[in-house]
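Reviewing the structure listed below.
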Amino acid sequence: MRSRWGYAFVVTSVAIAASALSVPGSSGQAATRSHRWSTGVKLNAAEAHAEGDLMATEHAMARTEAHGKLTRGASLAVAGTTPDVIGQWSLPKSNGTPVVGIHTALLKTGKVLIWSPYTVTNPDGTTEIQTMAALWNPTTNTSKRVDPPNDGNLFCGAGTILGDGTLVAVGGLNSYSGYGTSNGIPVVLLFNPNTETWSAAPNMNKGRWYPTITETMNGGAVVVGGRDGANKPNQDIETIGAAAPNAPQLVGTYNLDWRQGIYPNQFLLPNGQIFTFAGDRSDFMDPSNWRINKGPVPLAPQFNYPNAVVLPLKVGSPIEMVVYGGKTTFQGTTIATASRLNLTASTPKFTAITSMPEARANMNSVQLPDGKILVVGGNGQGNFNVAYYQTLLFDPANNSWTPLASQTRRRAYHSTALLLPDGRVLSAGDNGGTPGGGNTFEIYSPSYLFKGPRPVINYAPTSAVWGNNVVVGTTTPVTKLVLIAPSSTTHATDMHGRVVELQISASAGGGTANVAGIPSDGSVPPGPYMLFAVDANGIPSIATWIQIN
């Protein structure tokens, strides 16, 4: 059948096998199509230069840079050499498929969905960019291909987790425009973690390339930013419903320009408002009327993939965000600037905190169960040059940075990282050629895994609702129960990151039967969460999954 965006494909009830899709350079199924986008307007070189359009040049620059002489950033001194001090990285392993971890998302099944592009050459010599995807099982270290429908090219699109645990992916690259232009597509695809299959939802109003999507308080999502099918900033605000047909609705306008609209960092606050940090501005978006209210001015322009993280939420405590790294312009100077923002203050204001030990962009931040932030990879120049292999740990309690163990492969532009249910961290991606990570991954075991026996959750509910208490049994006493949302990350932006520390209101059995309340203040949007029990030494359990309704 013909898809909603003008291409012919059939969405089957089973995952598309690798053999059913053309491999790079082949002339199989994908190469037989003759349709082309009618809305894609290519910029010529002069127009691209005049507008300063990053997207018209970034991938070409990345390929050129990757073939040049790349340097490695210096390593910082560490406080020790043993895993209980600096943690430990595993050696790189292939994920068993050609898929590069440019986009990764943890599903409620504990498996990781990854996707990346590849090029198909047609019989007439023209080329198309398509998407291949894989599902990796951390428990068995096995992968299988689960490619999305042909022409649903999700490369450089966005993804988040809906309230029922479904992954929703939006936008991507016009399959026929190639890497040299930024024609976005309006596609909306859903991945069902139970059946491990894709399905299509109705289109968005216009195309989006490099957008951001964020879950909303009703379990649906809101989409902003990106580039449309005519290489212009997409200033639409669109919501996507939590239930089928998951149809996008145009609800307002957000005047992000092309710089600010490329993967803006966006966070759902407990009051239902959505806070956006985008380069040299911040804003509050009010879902009651979709009005944009100006936020505080950042200390420095931080474009080109800084990291922005909302610290663990706890009832009665301030809501705070930290921002660090990135570049002052898209191909400009990488900075080490770091700042902190109290979002519950009467007049929120960015304040300076300890800068990163070195200037980095393209790194990934992973929130750990003990409340600290692991910073993985990144680089100091361009997309891949001056690569930093050494992991950093940021402690929000004292605004300090600690150098830790180093990886083996470079994880710079187009790399990803996320927390696994066993408390380890997955690092994947970087398609800039050797020594980039490619289709390999590395696993980091934080130092807390080497400090003694782990608490074990021996009983916990599989679901809970706002305002209700839950009882969590552990084998040894714990001091914290922490909910962590599964990450969905690409281009240094985690679109579903959230950590909520529950208040333990009662404890019995020597501290092994813990009663905690699920906040009703909006700090826990509906969806699947990893529930970690953390002891007094900061050692977490393996997580159990709980659905919050």
Practice task
Go through (1) within 19 Å of the chain's Cα centre (by Cα); (2) in the same structural domain as Thr166 (by TED's automatic domain parsing); (3) surrounded by 24 or more Cβ atoms within 10 Å (Cβ to Cβ) one by one and return the number of the condition Thr216 breaks.
Solution key: (3)
Handout entry: All positions within the stretch 524-536 that are within 22 Å of Gly423 (Cβ to Cβ) and in contact with a strand residue (DSSP E or B) (Cβ under 7 Å, 6 or more places away or on another chain)
Key = Val524, Gly527, Pro528, Tyr529, Met530, Leu531, Phe532, Ala533, Val534
Practice task
State whether the residues of the stretch 227-235 include one that is under 12 Å from Val170 (Cβ atoms), modelled with pLDDT of 95 or more and not in a loop (DSSP other than H, G, I, E, B).
Solution key: no
Fill in the blank from the handout: Those residues of the stretch 117-174 which are in contact (Cβ under 8 Å) with a residue 24 or more places away in the chain, among the charged types (D, E, K, R) and part of a loop (DSSP other than H, G, I, E, B) amount to Asp151, Asp164
Problem - Given (1) outside any strand (DSSP E or B); (2) at pLDDT 95 or above, number of the condition Leu374 does not satisfy - result: (1)
Handout entry: Set Ser507, Ser520: member being among the hydroxyl-bearing types (Ser, Thr, Tyr) and either assigned to a strand (DSSP E or B) or closer than 22 Å to Leu113 by Cα (or both)
Key = Ser507
Exercise for the section: Hey, can you tell me all the residues within the stretch 304-351 that are crowded, with 20+ Cβ neighbours inside 10 Å and among the charged types (D, E, K, R)? Expected result: Lys327
Practice task
Would you list the strands (runs of 3 or more DSSP E) that sit entirely within the stretch 449-498 and hold 1 or more residues that are of a type outside the set (D, E, K, R) and either over 13 Å from Pro369 (Cα atoms) or within 12 Å of the chain's Cα centre (by Cα) (or both)?
Solution key: 457-459, 469-474, 488-490
Practice task
Considering every residue within the stretch 280-303, establish whether at least one is at pLDDT below 95, aromatic (Phe, Trp, Tyr) and buried (at least 18 other Cβ atoms within 10 Å of the Cβ).
Solution key: yes
Fill in the blank from the handout: Of the listed residues (Gly73, Gly110), the one being surrounded by 13 or more Cβ atoms within 10 Å (Cβ to Cβ), farther than 24 Å from Asn183 by Cβ, modelled with pLDDT of 55 or more and in contact with a strand residue (DSSP E or B) (Cβ under 6 Å, 6 or more places away or on another chain) is Gly73
Fill in the blank from the handout: Note on Asn271: of the conditions (1) touching a strand residue (DSSP E or B) at 6+ places or on another chain (Cβ under 9 Å); (2) not in a strand (DSSP E or B), unmet is (1)
Problem - The listed residue being at pLDDT below 95, within 24 Å of Ala387 (Cβ to Cβ) and either out of contact with any Phe, Trp or Tyr (no Cβ under 6 Å at 6 or more places or on another chain) or surrounded by 16 or more Cβ atoms within 10 Å (Cβ to Cβ) (or both), out of Ala60, Ala46 - result: Ala60
Completion exercise
The correct count of residues that are under 16 Å from Glu215 (Cα atoms) and touching a strand residue (DSSP E or B) at 6+ places or on another chain (Cβ under 6 Å) in the stretch 278-324 is 5
Practice task
Could you please let me know if Asn192 is surrounded by fewer than 22 Cβ atoms within 10 Å (Cβ to Cβ) and touching a Leu at 6+ places or on another chain (Cβ under 8 Å)?
Solution key: no
Exercise for the section: Answer yes or no: is there a residue in the stretch 207-215 that is modelled with pLDDT of 95 or more, over 30 Å from Ser317 (Cβ atoms), out of contact with any helix residue (DSSP H, G or I) (no Cβ under 6 Å at 6 or more places or on another chain) and part of a loop (DSSP other than H, G, I, E, B). Expected result: yes
Completion exercise
Of those in the stretch 216-226 that are β-branched (Val, Ile, Thr) and in a strand (DSSP E or B), the residue nearest to Pro525 (Cα to Cα) is Val222
Practice task
Answer yes or no as to whether Ala405 is surrounded by fewer than 21 Cβ atoms within 10 Å (Cβ to Cβ) and touching a Lys or Arg at 6+ places or on another chain (Cβ under 9 Å).
Solution key: no
Handout entry: Cross-chain or 6+ apart pairs with Cβ under 6 Å, the stretch 393-415 first and under 22 Å from Thr489 (Cα atoms), then part of a loop (DSSP other than H, G, I, E, B) and hydroxyl-bearing (Ser, Thr, Tyr)
Key = Ser406/Tyr389; Gln407/Tyr389
Exercise for the section: Kindly indicate whether any position in the stretch 222-230 is in contact with a Lys or Arg (Cβ under 6 Å, 6 or more places away or on another chain) and on the phi > 0 side of the Ramachandran plot. Expected result: yes
Practice task
Run Ser541 past the list (1) crowded, with 24+ Cβ neighbours inside 10 Å; (2) within 16 Å of the chain's Cα centre (by Cα) and report the number of the one that doesn't hold.
Solution key: (2)
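The values are calculated or read from the model by the stated rules, or taken from the named source; none is laboratory data. All of these numbers come straight from a predicted model, not from anything done at the bench. Virtual Cβ from ideal backbone geometry, glycine too; neighbours counted across all protein chains shown.
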